[in-house]
Amino acid sequence: DTEVTQTPKHLVMGMTNKKSLKCEQHMGHRAMYWYKQKAKKPPELMFVYSYEKLSINESVPSRFSPECPNSSLLNLHLHALQPEDSALYLCASSQGRVEKLFFGSGTQLSVL
Amino acid sequence: GIQVEQSPPDLILQEGANSTLRCNFSDSVNNLQWFHQNPWGQLINLFYIPSGTKQNGRLSATTVATERYSLLYISSSQTTDSGVYFCAVAPSGNTPLVFGKGTRLSVIA
C-alpha cells in the first residue's frame, strides 16, 4: 500500500465554520506533512510532524491547527478561515525526513 | 535559503517528441526529488535522486550534485505526460524540501 488518503476531496465552508481535514497513511512512515497550494504555484509547507510530534510550523496562522493522533493519522482543524485561505491542501508522508515524499490527492477548499 | 530554478517555465510538445527539463539549485543538497502534478492536482513522486542517474520507463533523471543541477528526460511523450513538473531540494541536514516554480508541460496529440 503506497497511498496517502485524504478526506474530503472538496470542502466549501463559511468564515464562521469549523471543519477538519483528514489524512491517513499505512506505509509505516514516521514523518507527515501539510502543504498548501494556490493555483499555478508550487506547494508551500505548513507543518511537519516527526514521530507524532510537531517539528516544524512555518509561521502558519492559528486558525489552522494540526493534530497527529497516531503515527498513521494527521488532521488539520480549520476555524474562522478567510477567503484567501481557499486553496488545495495536500497531505504527504515519508519514511524519514530525508526520504521519498508521497502525496495524497488533496482537499480543494473554498472559503466563502 | 536555497534557491531552486526550473526551466523552461512552459513547454508544448507534439506527442512522440522528447524533452529535457532542468533544475538548478544554489547550494549543496542531500535530498532532491522530481514530481509530476497531473491536471487533476495529484502529485506523483517520479524520482528521489540527490545524485546519479535513474530510469523508470520513458522517464529518466540525472543529478550532478557537484555542479548543482538535475535534469529530467521524457522520451516519446504522451498526452498523459501533461501537467506540471516540480523539482524539490533540501540542503544538507534535516531541513524541509524547497520546491521550484515548476515546468508546465502540454503534450498535444
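Every number here is computed from the coordinates shown, using simple stated rules; none is lab data. This structure is a prediction, so every number in the text was calculated from the model and none was measured. Positions of Cβ are generated from backbone atoms using ideal geometry, with glycine treated the same way; all protein chains shown enter the neighbour counts.
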Query raised in the report: Just for region A:48-88: of the residues that are part of a loop (DSSP other than H, G, I, E, B) and among the hydrophobic types (A, V, I, L, M, F, W, C), which one is farthest from the chain's Cα centre (by Cα)?
Result: A:A80
**Report entry** Answer residue from region B:70-104, given it is away from chain A (no Cβ under 14 Å) and crowded, with 16+ Cβ neighbours inside 10 Å and is farthest from the chain's Cα centre (by Cα) among those
**Finding:** B:S77
Report summary line: Within region A:12-43, the residues that are within 14 Å of chain B (Cβ to nearest Cβ) and either in contact with a helix residue (DSSP H, G or I) (Cβ under 6 Å, 6 or more places away or on another chain) or part of a strand (DSSP E or B) (or both) are A:C23, A:Q25, A:A31, A:M32, A:Y33, A:W34, A:Y35, A:K36, A:Q37
Query raised in the report: Tally time: how many residues in region A:95-112 are within 12 Å of A:W34 (Cα to Cα), more than 7 Å from chain B (Cβ to nearest Cβ) and not in a loop (DSSP other than H, G, I, E, B)?
Result: 1
Query - Exclusive hit being closer than 16 Å to A:P8 by Cα, more than 11 Å from every other protein chain (Cβ to nearest Cβ) and touching a residue at least 60 places away in the same chain (Cβ under 8 Å), set A:L90, A:L78 - result: A:L78
Report task. Provide a single number: the residues in region B:34-67 that are closer than 30 Å to A:Q6 by Cα, away from every other protein chain (no Cβ under 11 Å) and exposed (fewer than 13 other Cβ atoms within 10 Å of the Cβ). Result -> 4
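Identify all residues within region B:5-20 that are out of contact with any helix residue (DSSP H, G or I) (no Cβ under 7 Å at 6 or more places or on another chain) and over 24 Å from A:S105 (Cα atoms); write none if there are none.
B:E5, B:S7, B:P8, B:L11, B:I12, B:L13, B:Q14, B:G16, B:A17, B:N18, B:S19, B:T20
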Report task. Might you check whether a residue that is aliphatic (A, V, I, L, M) and loosely packed, with under 13 Cβ neighbours inside 10 Å occurs anywhere in region A:37-55? Result -> yes
